[in-house]
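Please read the structure below before turning to the comments.
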Amino acid sequence: QVQLVESGGGAVQPGGSLRLSCTVSGLVFAPSAMGWYRQAPGKQRELVATIARYGNTNYANSAKGRFTISRDEANNTLFLQMDSLKLEDAAVYHCHVVHFGSDYWGRGIQVAVSS
């Protein structure tokens with residue numbers, strides 16, 4: 001069974017940085033896609049960044065130039081480096097993978113940004 005566990009969240013001030021990690025277990029082969037999504041209170045879940053099997057990345061406009069998605073294939077770990085954080089980045093961040101055509105989600109981790 002595929003399981004995803006996020007870590008690295010917390011509280012920072014505007015302009016600060018955080019690095020999220022997502023450890024994935026239960027994979028048979030490399031997932032076709034991995035990504036980060038976020039959901040703020042009262043809002044729908046939205047894409048932050050994705051990385052495909054061969055390394056192609058895609059970012060939401062709000063994340064471009066500030067966030068970097070990467071992965072450690074050997075350890076089945078996904079990362080999201082978040083720099084220059086803004087108040088509007090505060091949300092629960094979820095890890096997501098697509099494996100054999102099925103979607104898997106982590107439970108999410110809180111990122112708080114406040115002055």
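Remarks
- Whole-number Å³ per residue for the convex hull built on Cα positions in the chain: 93 Å³
- Potential extension, Q110-N75 segment - 0.36 nm per residue separation minus Cα distance: 10.3 nm
- Dimensions of the stretch 3-63 based on its C-alpha atoms, expressed as ranges along the principal axes with the largest first, amount to 39, 24, 23 Å.
- Across the chain, the mean sequence separation of Cα contacts (distance under 8 Å, 6 or more residues apart), normalised by length, yields a relative contact order of 36 percent.
- Note on K86 and F29: the model spin-label points, each 7 Å out from Cα along the C-beta direction, lie 3.9 nm apart.
- Just the protein heavy atoms count here, and of the accessible area of the chain at 1.4 Å, carbon and sulfur take up 47 percent.
- Among A33, G65, L18 - extreme Cα towards positive end, dipole of the chain, charges at beta-carbon: G65
- Once the 1.4 Å probe is applied to the protein heavy atoms, the stretch 1-97 comes out at 52 Å² accessible per residue.
The values are calculated or read from the model by the stated rules, or taken from the named source; none is laboratory data. From a predicted model like this one, the values you see are computed outputs, not experimental measurements. All Cβ positions, even for glycine, are placed from backbone atoms using ideal geometry, and neighbour counts span all protein chains on display. Accessible surface is based on the protein model in full, side chains and every heavy atom, while ligands, DNA and RNA are left aside. Shrake-Rupley method; radii C 1.70, N 1.55, O 1.52, S 1.80 Å.
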